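Notes follow the structure.
We did not get these values from a lab; they are worked out from the coordinates using the rules stated. Everything quoted here is computed from the prediction, not taken from an experiment. Here the Cβ positions follow ideal geometry from the backbone for every residue, glycine too, while neighbour counts run over all protein chains shown.
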Amino acid sequence: MKNEQYKIRLLMVDDEEEFLASTAPALERRNIEVTTALSGIKALEILQKKSFDVLLLDVKMPDMDGIEVFQSVKREYPNLPVIILTGHGTISQAFQSVKEGVVDYIAKPCDIDDLVGKLQRAVEKHQIEWKTGETVQPGISETLPIQVLIVDDEVELLDSLQKVLQRRNMRVITTSKGDEVLSLLRENPIDVVVLDVKLPGLDGIEILSLIKKEMPMLEVVLLTGHPQVETALQGMKKGALEYVVKPPDSEELTDIIRRAFAKRQKNVLQEQQKTIDEVLNRYIE
């Protein structure tokens, strides 16, 4: 029961053909329209002919390096969000000088789901700023839609929760099948999973273990129609954030999801800052 999502138009600029050839199809499978360029000059030519929602730009390229391309893009297309790829050891102080103008950074080789999440948030941030005229500061924001996956074999409950959460500025996809969860998480940039404990086939505790093994920073809220202390403790030990009894109170569930999102954002931002600091401390001349 997937929702149709807006297809992000991405221009990906990198002089490594192998990276483009492997990354572009993976992004397209996740509902992103990808145009590629092997050089900074080619990227600027493409930008004159076509509009994009976000630019993914490698730092080190032979004709124009990423810093030069970034500066040119910011002059000509000041509202285009730019995400910088860092895959080389020749990062200089110029990289630091544009830090405030770059929406985000990601290191190569990059995790596709992490990249999709960064692309989507960059576009959402830009759309909000365009509509409101206000700058969205990096960090936790309740304005950005929270991406939620709800897993439950009760179809009526799924439909009800989906409608309730969408009215509260959340983007919701649902499934009644436990064996679909990991594939949905790989295909969609999810922030919080609301997961029923009792499911046919794989139960919620087993699915929780699989999620935390593959995506440890993803927050999971357990749902149960038959509350048991033993099950609750088991879920918490395996990494669940909260344990909610069905049918959940709408406001309580909304509050729990927002807290889960805030915790995830905080952890993600800490990891991003750690990566940026390590790169800059190692390579700034």
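What nm value, rounded to one decimal, do you get for the distance between LYS198 and LYS246 when each label is placed 7 Å out toward the C-beta?
0.8 nm
Quick one: if the Förster radius is 41 Å, what FRET efficiency do ASP179 and THR35 give, using the C-beta to C-beta distance and rounding to 0.05?
Working: r = 35 Å, r/R0 = 0.84.
After rounding to 0.05, the efficiency reads 0.75.
For the pairs LYS50/LYS263; LYS212/LYS266; LYS49/LYS266, flag any whose C-alpha to C-alpha distance is greater than 27 Å. It would help to have the intermediate numbers written out before the result.
Details: LYS50/LYS263 38 Å; LYS212/LYS266 17 Å; LYS49/LYS266 38 Å.
Too far apart for the 27 Å limit: LYS50/LYS263; LYS49/LYS266.
May I ask you to compute the full-extension gain from ASN169 to ASN79, defined as 0.36 nm times their residue separation minus their alpha-carbon distance, rounded to one decimal in nm?
Working: separation 90, 0.36 × 90 = 32.40 nm, distance 2.41 nm.
Separation in residues times 0.36 nm, less the Cα-Cα distance, equals 30.0 nm.
Counting Lys +1, Arg +1, Asp -1, Glu -1, what net charge surrounds GLY225 among other residues with beta carbon under 11 Å of its beta carbon?
Its environment carries a net charge of -2.
Order of 42-48, 211-217, 11-17 by packing, highest average Cβ count within 10 Å first? Don't skip to the answer; put the middle values down first.
On the way: 42-48: 16.6, 211-217: 14.7, 11-17: 20.3.
Highest mean packing first, the order is 11-17, 42-48, 211-217.
Can you bin region 146-267 into rounded, prolate or oblate? Criterion: square roots of the alpha carbon gyration tensor eigenvalues sorted a ≥ b ≥ c, rounded for a/c under 1.5, prolate for a/b above b/c, oblate for the rest.
Numbers: a/c = 1.18, a/b = 1.08, b/c = 1.10.
Note, shape of region 146-267 comes out rounded.
Using the basic label-point model (7 angstrom from Cα toward the beta carbon), what is the GLU45 to VAL155 distance in nanometres?
Taking the simple label geometry, GLU45 and VAL155 are separated by 5.3 nm.
Ordered by residue, what ³J(HN,Hα) values in Hz, to whole numbers, does region 243-258 give under the Karplus form 6.51 cos²θ - 1.76 cosθ + 1.60, where θ = phi - 60° and Gly and Pro are x?
Calculated HN-Hα couplings, in order: 9, 10, 7, 8, x, x, 5, 4, 5, 5, 5, 4, 4, 5, 5, 5 Hz.
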